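The values are calculated or read from the model by the stated rules, or taken from the named source; none is laboratory data. Remember, it's a predicted structure, so these values are computed and weren't measured experimentally. Reconstructed Cβ throughout: ideal geometry from the backbone, glycine too, with neighbour counts over all protein chains shown. Just so you know, the surface numbers come from the protein's heavy atoms only, side chains and all, with ligands and any DNA or RNA stripped out. Shrake-Rupley method; radii C 1.70, N 1.55, O 1.52, S 1.80 Å.
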Amino acid sequence: MSVNVEMVKCACADCVCVVSTASAVQAEGRFFCGDSCATHHEQSTGCDHAGCPCHG
Ligand SMILES: [Zn+2]
Ligand SMILES: [Zn+2]
Ligand SMILES: [Zn+2]
């Protein structure tokens with residue numbers, strides 16, 4: 001038996017993070033690394049990952 005963990009890039013265009021589908025935030029059928037990316041940075045906050053340039 002194997003554990004199948006699929007890794008996908010965050011759907012946010014500027015985000016460089018890669019998340020597993022199991023722990024990703026799902027919105028509109030896409031996977032995001034966190035709430036701020038999933039809400040398209042409506043609060044103008046970054047995704048909290050070091051070295052990631054995304055900020056909405
Ligand atoms: Zn990021
Ligand atoms: Zn992201
Ligand atoms: Zn983002």
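Using θ = phi - 60° and the Karplus relation 6.51 cos²θ - 1.76 cosθ + 1.60, list the HN-Hα couplings for region 10-26 in order, rounded to whole Hz, with x at every Gly or Pro.
Couplings: 4, 6, 5, 4, 8, 8, 9, 6, 10, 10, 7, 4, 6, 10, 6, 8, 9 Hz.
Using a 4.7 Å cut-off between beta carbons, which cysteines in the chain end up with no partner cysteine at all?
C47, C52
Leaving out ligands and nucleic acids, note down the accessible area per residue over the chain with a 1.4 angstrom probe, in whole Å².
Heavy-atom accessible area per residue stands at 69 Å².
Hey, what number do you get for the chain at 222 nm if only DSSP H runs of n ≥ 4 count, each worth -39500 (n - 2.57), divided across all residues, to the nearest 500?
-1000 deg cm²/dmol, from helical runs alone.
How much of the pair distance distribution for the chain lies past 16 Å, counting alpha-carbon pairs only, in percent?
36 percent
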